[in-house]
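Engineer: Got a structure for you, questions after.
The values are calculated or read from the model by the stated rules, or taken from the named source; none is laboratory data. Source: prediction; values computed, not measured. Positions of Cβ are generated from backbone atoms using ideal geometry, with glycine treated the same way; all protein chains shown enter the neighbour counts. When the accessible area is computed, the model is the full protein with side chains, heavy atoms only, and any ligands, DNA or RNA have been set aside. Shrake-Rupley method; radii C 1.70, N 1.55, O 1.52, S 1.80 Å.
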Amino acid sequence: MLFNSLEFFIFFPIVFFLYWALGKNLKVQNLLILLVSYFFYGWWDWRFLSLIFFSSITDYYIAKWIANTEVEKQKSNFLWLSVFINIGLLAVFKYFNFFIDSFNDLIGVVGYESTWTFFNIILPIGISFYTFQTLSYVIDVYNEKIEPTDDVVKFLAFVSFFPQLVAGPIERASNLLPQFGKLKKFDTESAKVATKQIFWGFFKKVAIADNCAYFSDAIFSNYETCSPLLLLVGGLLFVFQVYCDFSGYTDIAIGTAKLLGYNLLDNFRTPLFSRNMTEFWRRWHISLSTWIRDYVFVPLNLVFRSFKRKSMVIASFISFTLFGFWHGPSWVMIVWGAVQGIAIIVETYFRPYLQKQRKNNSIFYNFISWFLTFSFFTLTMILFRCETILDFLQYMSQIFNSADFPKIPKEFLGFENYVRYIFLGFNLLLLLVLDWFNRNEVHSLHKLPIIKYVVYLYLLHEIIKNFFSELSFIYFQF
């Protein structure tokens, strides 16, 4: 079920009313959240309810077994059982055909022909998110950072909580699970803030991201005949598409959860204003980058500590490569992640010099730092958007190919499209202004100057005008 769909606009008001009307005690609230979350997930494909239930109930009991045994070897075995099950689910449903394809290519290189074939495996929506969520719960119990819960309904509701189930944020048990142990009471001020955040999220998704997708898809589909300037515009639009699509989803998820009395982790903090890639990945998809840091980078850094400073290099490269692989079963994503890791490693080695320069805190230095960071990310996002590495190389070569009479995609022609990209340009400007104006706030509509009501009316107009495109959220595919 998409947030930007008529079904959700029927579903959530019913859930909201039932939750606050019937949820007079904690058990009823948790049971209701579990039932509506499973309904929400099952609306897409009810068959995969068994998968999320299996993943949840398995880690629920494994965590209890870890806590109830005193034998370290048994604890370790239970932990590895959880890792095997969760990563195994991802390997089968998300990466199986990629491994088959890579194996066939490898066999072909050495002169043999493989008879291994692909399977028609459907990727369950949200599997990359909820498997990481339950796995981190087991790891935290193993490391004695949290106590396992004895309430199975509470745990199942924590894993399947519908606002963040299919595209995050990837919640930590230390943050969200205890909230299912407290009876919720409706808070008017919190609801006002939540409504503003939902409003802002819908604007970013339907007014900006979906319109960026309309033009960027046209450019990437016809890159062989586009001018270099248009190809650069395509990359730029895709950056804003992904940012507004994903952060828009996050705003809606956080706001929806807040209307029910829950506080989710922040996932974006105006990353497009970052002045280096280290800062960028502290501000973009925070729940995933911190998950990779805590459960992949830190253990790897300890494993390779005998290499001294090189341990950070090895751990960073592996972590970001896996970070890219998490995004999709392709060599494009692996290379994309590895490139991010290389950028972080280079910045780490030059950090003393950069810190010395940053002491001046000049406008010129800040601008150059931002420009280089944003340009690098835009370049890597072109790779992210391309289906193959060859497509990326051809796209980049076309940027430096000065065609005499480049073809302009039909999506850019005609009065209707002119109006469309004029409004898109204004909406992008509004996004940047509001993000900058409230860059230290949780979201950009928490505080606004005296013109806020004019802004609200304009946002409402843009949401209504663009709402029924019902384009899926980008991160549903991950």
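Engineer: Could you pull the Cα extents of region 1-71 along its three principal axes, largest to smallest, in whole Å?
Structural biologist: Result, largest extent first: 52, 31, 16 Å.
Engineer: For the pairs LYS24/LYS182; LYS24/LYS192; LYS75/LYS308; LYS75/LYS145, flag any whose C-alpha to C-alpha distance is greater than 18 Å.
Structural biologist: Details: LYS24/LYS182 12 Å; LYS24/LYS192 22 Å; LYS75/LYS308 29 Å; LYS75/LYS145 14 Å.
With Cα atoms farther than 18 Å apart: LYS24/LYS192; LYS75/LYS308.
Engineer: Let me ask another. Could you order SER174, SER190 by accessible surface area, starting with the largest, using a probe radius of 1.4 Å? Display every interim value, and only then the final one.
Structural biologist: Working: SER174 75, SER190 35 Å².
Correct descending sequence by accessible area is SER174, SER190.
Engineer: Per Stokes-Einstein, at 4 °C and 1.567 mPa s, what whole-number D in µm² s⁻¹ belongs to the chain, with the Kirkwood radius over Cα pairs as the hydrodynamic radius? Display every interim value, and only then the final one.
Structural biologist: Values: Rh = 24.3 Å.
Stokes-Einstein gives a translational diffusion coefficient of 53 µm²/s.
Engineer: A further question follows. How many nm separate the modelled label positions at LEU393 and ILE451, each set 7 Å beyond the Cα in the direction of the Cβ?
Structural biologist: 4.9 nm
Engineer: Hey, got the dipole for the chain? About the Cα centre, +1 on K and R Cβ, -1 on D and E Cβ, debye to the nearest 20? The partial results should precede the final answer.
Structural biologist: Details: 39 positive and 34 negative charges, 337 e Å.
The dipole of the chain has a size of about 1620 debye.
Engineer: Next question. Jot down the radius of gyration and Dmax of region 193-271, Cα atoms only, both in angstrom.
Structural biologist: Taking only Cα atoms of region 193-271, I get Rg and Dmax of 15.4, 52 Å.
Engineer: Subtract the Cα-Cα distance of PHE376 and PHE400 from 0.36 nm times their separation in residues, and report this length gain in nm to one decimal. Before the final figure, lay out the partial values.
Structural biologist: On the way: separation 24, 0.36 × 24 = 8.64 nm, distance 1.69 nm.
Stretched fully, the PHE376-PHE400 segment lengthens by 6.9 nm.
Engineer: Give me a comma-separated list of calculated 3J(HN,Hα) values for region 260-274, in order, Karplus coefficients 6.51, -1.76, 1.60 applied at θ = phi - 60°, integers in Hz, x for any Gly or Pro.
Structural biologist: These are the phi-based 3J(HN,Hα) values: 9, x, 10, 10, 8, 5, 6, 10, 9, 9, 6, x, 5, 9, 5 Hz.
Engineer: What is the sum of charges around THR188, taking Lys and Arg as +1, Asp and Glu as -1, for the other residues whose C-beta is under 15 Å from the C-beta of THR188?
Structural biologist: +3
Engineer: Between ASN366 and ASN143, what is the spin-label point distance in nm, taking each point 7 Å from the Cα along the Cα→C-beta axis?
Structural biologist: About 3.5 nm separates the two model spin labels.
Engineer: What does the convex hull of the Cα atoms come to per residue for region 138-294, in Å³? Walk me through the numbers before you get to the answer.
Structural biologist: Numbers: hull volume 21.9 nm³, N = 157.
Looking at region 138-294, the number lands at 139 Å³ per residue.
Engineer: Here is a follow-up. Taking 1 over the mean of 1/r across every pair of different Cα atoms in region 257-398, what Kirkwood radius in Å do you get? Mind dumping the intermediate values first?
Structural biologist: Working: mean 1/r = 0.0600 Å⁻¹.
One decimal place: 16.7 Å for the Kirkwood radius.
Engineer: Ok, one more. With the crude spin-label approximation of a point 7 Å out along Cα→Cβ, what separation in nm comes out for PHE307 versus LYS192?
Structural biologist: Computed distance between label sites PHE307 and LYS192 equals 5.4 nm.
Engineer: Heavy-atom accessible area per residue, the chain, 1.4 Å probe: how many Å²?
Structural biologist: Here the per-residue accessible area is 49 Å².
Engineer: Ok, one more. Ranked from highest to lowest mean number of other Cβ atoms within 10 Å per residue, what is the order of the peptides 155-166, 175-186?
Structural biologist: 155-166, 175-186
Engineer: Which helices of the chain meet both criteria: a Cα extent of 30 Å or more along the helical axis and a mean Kyte-Doolittle score no lower than -0.5, with helices taken as whole DSSP H segments? Write out the running numbers ahead of the final one.
Structural biologist: Working: long enough: 228-259 (46 Å, 1.26); 331-358 (37 Å, 0.45); 363-385 (32 Å, 1.41); 415-437 (33 Å, 1.23).
Helices passing the filter in the chain: 228-259, 331-358, 363-385, 415-437.
Engineer: Heavy atoms only, probe 1.4 Å: what % of the accessible area of region 211-340 goes to carbon and sulfur, would you let me know?
Structural biologist: On the way: 2990 of 4510 Å².
C and S atoms contribute 66 percent here.
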